[in-house]
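Novice: Attaching a single structure in structure tokens format; questions to follow.
The values are calculated or read from the model by the stated rules, or taken from the named source; none is laboratory data. A quick note: this is a predicted structure, and the numbers were derived from the prediction, not measured. Note that each Cβ is placed from the backbone with ideal geometry, even for glycine, and that neighbours are counted across all protein chains shown. Only protein heavy atoms, including side chains, enter the accessible area calculation; ligands, DNA and RNA are left aside. Shrake-Rupley method; radii C 1.70, N 1.55, O 1.52, S 1.80 Å.
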Amino acid sequence: MAALVQAAVPVGELSTGLLQSPPGQSNDTVACLYDAHQRWLCAWLQRKTGCSWQAADLAQDTFLRILASPRNMQQLTVLREPRHFLTTIARRVWVDFVRRDALEKAWLETLQNQPEPVMISAEEQVTILETLCRVEAMLEGLGDKVRQTFLLAHLEGLKYADIAERLQVSVSSVKSYMAKAMTHCLLLMYED
């Protein structure tokens, strides 16, 4: 298991302690979980994705997400249903993958529809795609009205009164939604 983790995670991440166990707990628990359920998880993901290669990648990402999260590592000590735990984490990994894939396809389609002089370099494409993924992740935790308010204000440049009219809420609600959105985004920025 250790060789598998080292092969899949950049060396810099290992040295920063991202994958270190909480005090008093070793990665042996994850290794046992991996040995006992990795094949089953790959088969479960293959039924979801229809592709064995993609299923193997997602299964690997699932175990890496467990290792990278102190909260997930703590849950291993009281784990009664390992397959339920793994499917919960794997489903989240799969949803993230599907979202990223849809976002990337939409972006590439937009690029194809651009006139020749507006073509963007490969480096700029990667930077923009990474930024879009980060913005999507920031907005993911917001409620619908809060997210809509934030997007209307920042993407369409609408004033609070116009947003209130469009969403059929009061201007004070729009102010409250914007405050929630900005607080949420700032907290996520400081977590990184």
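Novice: Just give me the residues in the range 144-176 being under 17 Å from residue 186 (Cα atoms) and of a type outside the set (Phe, Trp, Tyr), in sequence order.
Specialist: Once the filter is applied, which keeps residues that are under 17 Å from residue 186 (Cα atoms) and of a type outside the set (Phe, Trp, Tyr), the range 144-176 yields 146, 147, 149, 151, 153, 154, 175, 176.
Novice: Report yes if residue 108 is modelled with pLDDT under 90 and farther than 30 Å from residue 70 by Cβ, otherwise no.
Specialist: yes
Novice: Still on this structure: Given the criteria at pLDDT 90 or above, out of contact with any strand residue (DSSP E or B) (no Cβ under 9 Å at 6 or more places or on another chain) and assigned to a helix (DSSP H, G or I), does residue 41 qualify?
Specialist: yes
Novice: Residue 40 - would you say it is touching a residue at least 40 places away in the same chain (Cβ under 8 Å) and under 20 Å from the mean Cα position of the chain (by Cα)?
Specialist: no
Novice: Follow-up question, since we're still on this one. Which residue, of 65, 91, 83, is open to solvent by 70 Å² or more (accessible area, probe 1.4 Å), without any contact (Cβ under 8 Å) to a residue 60 or more places away in the chain, touching a Leu at 6+ places or on another chain (Cβ under 9 Å) and in a helix (DSSP H, G or I)?
Specialist: 83
Novice: Further question on the same structure: Considering only the range 116-134, state which residues are more than 20 Å from residue 101 (Cβ to Cβ) and at pLDDT below 85.
Specialist: 116, 117, 118, 119, 121
Novice: For the structure I just gave you, tell me whether residue 113 is in contact with a Ser or Thr (Cβ under 6 Å, 6 or more places away or on another chain), at pLDDT below 85 and not small (Gly, Ala, Ser).
Specialist: Spelling it out, it is not the case that residue 113 is in contact with a Ser or Thr (Cβ under 6 Å, 6 or more places away or on another chain), at pLDDT below 85 and not small (Gly, Ala, Ser).
Novice: Before we move on, is residue 142 assigned to a helix (DSSP H, G or I) and under 25 Å from the mean Cα position of the chain (by Cα)?
Specialist: Taking the combined requirement at face value, the residue does not satisfy it.
Novice: Which one of the conditions (1) more than 18 Å from residue 34 (Cβ to Cβ); (2) open to solvent by 60 Å² or more (accessible area, probe 1.4 Å); (3) in contact with an Asp or Glu (Cβ under 9 Å, 6 or more places away or on another chain) does residue 103 fail to meet, given that it meets all the rest?
Specialist: (2)
Novice: What residue, of 161, 179, 153, 137, is open to solvent by less than 70 Å² (accessible area, probe 1.4 Å) and modelled with pLDDT under 85?
Specialist: 137
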